[in-house]
Amino acid sequence: MQRRELLLLSGALLAQGTHAQAVPTRILVGAPAGGSTDTLARALATELGRILGKIVLVENRPGAGGNIAAEAVAKAAPDGNTLLMSFTSHAINASLYPSLPFDPVKDFTALTCVATSPSLLVTHPSVPAKDIRELIALAKARPGKLNFAIGAVGSSLHLAGDLFKMQSGAYIVNIPYRGTAPAIQDVIAGQVELMFAAVGNAQAQVKAGRLKALGVTTTRRLAAFPDVQAISEVLPGYESSAWFGLFGPAHMSPDLARRISDAARQAIATAEVRKRLDTEGAVPVGNSPDEFSKFVQAEILRWGKVVKFSGAKPE
């Protein structure tokens, strides 16, 4: 091969390598900018890009409870350049929607659970109950007279309330809102008595005395609220934490999936991401692809029972 041909070939190979490095990885988020899923995705993207040595961007595609972003990732090439930061609705939607344009398990490669986010059962201070047992007794004494504010139909916080009703046998009416913020404001104003809210969204209001916390949705009490009982202390087996997880399309090579999962778990362990998780009231996880895949499948089965009990329909 002549010198000129060698130079042309080496130049072409160099250009191809540069182009491969220049192709950014996109993390699609099925929620609007500014929410917890978006915030955590952006914190993860910065550290993930640094660890992988490439640009990682976050792209918001809200709508249909996260299904629009999920469908785009399910149909993407399994080359690691299109990922999904999803949330609990990924499991809930499997039974909430009559049909989906993808299979929530078979059409994805589970990479790692990034974090979980516990919730508080909060009330307006005027509600005459000081703990979960008294709240259940009050609700049973006044069937249909107490209301749950819910930020979105089919959300993890909505179903946390229906799981509470399913296990306690209490009849409490759901009042849907378009978003968590207006729901919380109406509970603070006394327009609605009860709400399940993420710790990050409610803790300041609880500490200020504008809301009263009666229970936490984790299996154990939270260090930040040691005097607030776990709901499972009264309703054994009750647990409902939102989760955020990283997925790729199905059929990613095992080596590629492992490399991205390992990098994501390294990112989750950094001080920068831990700080952001703490700000959001979230707990870091960072499990293996196999562990996360089994968790998602178990979540689909668990929430399917609650969706059936609730009779919820997608908005």
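In the stretch 2-9 there is no residue matching the filter, namely being surrounded by 15 or more Cβ atoms within 10 Å (Cβ to Cβ) and either modelled with pLDDT under 95 or out of contact with any helix residue (DSSP H, G or I) (no Cβ under 9 Å at 6 or more places or on another chain) (or both). Report whether or not Glu239 is without any contact (Cβ under 8 Å) to a residue 40 or more places away in the chain and either farther than 16 Å from Thr116 by Cα or not polar (S, T, N, Q) (or both). Against the criterion (without any contact (Cβ under 8 Å) to a residue 40 or more places away in the chain and either farther than 16 Å from Thr116 by Cα or not polar (S, T, N, Q) (or both)), Glu239 qualifies.
If you go through the stretch 243-257 one residue at a time, do you hit one that is farther than 16 Å from Ala110 by Cα and at pLDDT 95 or above?
no
One residue stands out in the stretch 207-237 among those that are at pLDDT 95 or above and part of a helix (DSSP H, G or I): the one that is surrounded by the fewest Cβ atoms within 10 Å (Cβ to Cβ), namely Glu233. Among residues that are surrounded by fewer than 24 Cβ atoms within 10 Å (Cβ to Cβ), within 30 Å of Asp255 (Cβ to Cβ) and not small (Gly, Ala, Ser), Thr88 is not included. Considering the stretch 255-270 alone, what residues qualify as being surrounded by fewer than 16 Cβ atoms within 10 Å (Cβ to Cβ), farther than 18 Å from Val283 by Cβ and of a type in the set (A, V, I, L, M, F, W, C)? Selection gives Leu256 alone.
At least 3 residues being of a type outside the set (Val, Ile, Thr) and under 30 Å from Ala43 (Cα atoms) is the threshold, and among the strands (runs of 3 or more DSSP E) wholly inside the stretch 114-195 those reaching it are 119-123. Within the stretch 147-169, the set of residues being more than 19 Å from Phe244 (Cβ to Cβ) and out of contact with any strand residue (DSSP E or B) (no Cβ under 6 Å at 6 or more places or on another chain) comprises Asp162, Leu163, Phe164, Lys165, Met166, Gln167, Ser168, Gly169.
For the stretch 272-286, the set of residues classified as buried (at least 19 other Cβ atoms within 10 Å of the Cβ) and closer than 19 Å to Ser240 by Cβ consists of Leu277, Glu280, Gly281, Ala282, Val285, listed by residue number.
The values are calculated or read from the model by the stated rules, or taken from the named source; none is laboratory data. Not measured: the values here are computed from a predicted model. Every residue, glycine among them, receives a Cβ derived from its backbone with ideal geometry; neighbour counts consider all protein chains shown.
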